[in-house]
1. Test V50 against the criterion of being in contact with a Lys or Arg (Cβ under 6 Å, 6 or more places away or on another chain), modelled with pLDDT of 90 or more and either part of a strand (DSSP E or B) or within 30 Å of R134 (Cα to Cα) (or both), and give yes or no.
2. So which of R141, R134 is among the charged types (D, E, K, R) and outside any loop (DSSP other than H, G, I, E, B)?
3. Any idea which of V160, V90, V94 is farther than 15 Å from F49 by Cα, among the β-branched types (V, I, T), modelled with pLDDT of 90 or more and assigned to a strand (DSSP E or B)?
4. Need pairs with beta-carbon distance below 8 Å; first residue surrounded by 13 or more Cβ atoms within 10 Å (Cβ to Cβ) and within region 51-74, second of a type in the set (D, E, K, R) and in a loop (DSSP other than H, G, I, E, B); sequence gap 6+ or separate chains.
5. Would you be able to say whether some residue in region 110-121 is within 28 Å of W23 (Cβ to Cβ) and modelled with pLDDT under 95?
6. Please work out if G112 is assigned to a loop (DSSP other than H, G, I, E, B), in contact (Cβ under 8 Å) with a residue 40 or more places away in the chain and of a type outside the set (D, E).
7. Taking the options S127, S118, name whichever one is outside the structural domain of E38 (by TED's automatic domain parsing) and outside any strand (DSSP E or B).
Amino acid sequence: MPLDPGRDWLAAGITGLQRQREWDAVATADAEGVPGAEVAFVALDDGSFVVESGDSVDPTALAAALRDGIAPPYRALAVRRPEIWAVGAVSIEVARLDPDLSGTELELTWDGSTLALSIDGLPADPSRAQSLERIAAARERGAYAAHAHRLRGDLWELSVLAL
C-alpha cells in the first residue's frame, strides 16, 4: 500500500511545482553602506529615481548593476550584506494622470455597470479619475480593477487587472 502524504505535503510546500518568480532581475553591487541597510526605489525612463525608503543611499550604483537585466521603469529593493549590496527589481508600468488628482493611492473598479473610485481608501467621485479610466478601459474590455500609486507629481505607477 503506497504512502499517501495527503494535505500535509502541501502545507509544507512540497508540491514539486516551481515557486513563482519574485523578481524580474537580480544583481549585486559594490557601493557604500552599512550591513543591514535597505533602500527601496523606482527607476524611471528618464534616468531619475524616486527613493521611497533608505534615502541616505544613492541608488545610482545599484541601478547600474541591474542595467543588463532590466530596463526602466522598475521598482527595486536593495539590501546591504556584509560585503556587497543585493538588489532585486520588478518591471512596472508608469503613466501621467490628471495633475489635479489628490491622494497617493487610487483604486478604480468597473463591474460592467458601476464605476467606483476610492482615493486613499475613501470613496470619491469617479469622474475625478478620467485619465485612469481611459487607460483601464482601453486595456480591459470587460470588468476591471485599476490601481495607481503616485510616484511624484502627475507620475503614477499603474496596475490594471481583469475581474
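1. Here the answer is yes, as V50 does meet what is asked.
2. R134
3. The unique qualifying residue is V160.
4. That search, which allows pairs on different chains as well, returns V57/E32; A61/D30; G69/D24; I70/D24; P72/D45; P73/D45; Y74/D24.
5. Checked against the condition, which is being within 28 Å of W23 (Cβ to Cβ) and modelled with pLDDT under 95, region 110-121 yields no hits at all.
6. No: the conditions fail for G112.
7. Every option except S127 fails the conditions.
Residues checked against (1) surrounded by 14 or more Cβ atoms within 10 Å (Cβ to Cβ); (2) within 17 Å of the chain's Cα centre (by Cα); (3) of a type in the set (F, W, Y):
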site: L106; (1), (2), (3): yes, yes, no
site: Q130; (1), (2), (3): no, no, no
site: A137; (1), (2), (3): yes, no, no
site: A148; (1), (2), (3): yes, yes, no
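The values are calculated or read from the model by the stated rules, or taken from the named source; none is laboratory data. Being a predicted model, the structure only gives us computed values, none of them experimental. Positions of Cβ are backbone-derived with ideal geometry, glycine not excepted, and every protein chain shown enters the neighbour counts.
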